[in-house]
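Single-structure report; data block below.
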Amino acid sequence: MTTADLSEGAPQKRRTPDAQAFVDMQASPEFQELRHRLRSFVFPMTAFFLAWYAAYVLLATYAPEFMATKVIGNVNLGIILGLGQFVTTFVITALYVKFANRELDPRSAAIREELEGPLQ
């Protein structure tokens, strides 16, 4: 058997960094940029969704006549806005996945490669 034959079935591994390596990486500009990119998406999107949800709850509580406005048949604004909550959740999830694939994953892979080295 050759070395190649042995390594084909074996799981690939990376080195395990020590605690100080993690602390050093956390202080690095690359990690700070990754954290900044994550927060620049997550915090505004969370604020938007919470404001949208609070508006829905407040309308349902203090403007029941407005929410009962018929749109089509027995479908009223309350139903449409309530379903909009679900749609918003799926849209935010899709936006995050696209953002993470484009912005976060390449940066985190580079950080991991620097910290743990290549697969062996």
* Structure fact -> Pairing a residue in region 57-73 that is on the phi > 0 side of the Ramachandran plot with any residue that is at pLDDT 95 or above and of a type in the set (Gly, Ala, Ser), where Cβ atoms lie under 9 Å and the two sit 6 or more apart in sequence or on different chains, gives none
* Which of (1) of a type in the set (D, E, K, R); (2) exposed (fewer than 12 other Cβ atoms within 10 Å of the Cβ); (3) at pLDDT below 95 does residue 24 not meet, given it meets every other one? -> (2)
* Asked: With (1) assigned to a helix (DSSP H, G or I); (2) surrounded by 10 or more Cβ atoms within 10 Å (Cβ to Cβ) as the list, and residue 17 as the residue in question, which single condition is left unmet?
  -> (1)
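Quick one: which of 31, 86, 99 is loosely packed, with under 12 Cβ neighbours inside 10 Å and assigned to a helix (DSSP H, G or I)?
86
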* Asked: Of the residues in region 63-81, how many are open to solvent by 70 Å² or more (accessible area, probe 1.4 Å) and over 33 Å from the mean Cα position of the chain (by Cα)?
  -> 6
* To do: Answer with yes or no whether residue 96 is of a type in the set (Ser, Thr, Tyr), modelled with pLDDT of 95 or more and under 30 Å from residue 12 (Cα atoms).
  => yes
* Just for region 102-112: of the residues that are surrounded by 12 or more Cβ atoms within 10 Å (Cβ to Cβ) and among the small types (Gly, Ala, Ser), which one is nearest to residue 61 (Cα to Cα)? -> 108
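The values are calculated or read from the model by the stated rules, or taken from the named source; none is laboratory data. Not measured: the values here are computed from a predicted model. Reconstructed Cβ throughout: ideal geometry from the backbone, glycine too, with neighbour counts over all protein chains shown. Quick note on the areas: whole protein, heavy atoms, side chains included, nothing else; ligands and nucleic acids left out. Shrake-Rupley method; radii C 1.70, N 1.55, O 1.52, S 1.80 Å.
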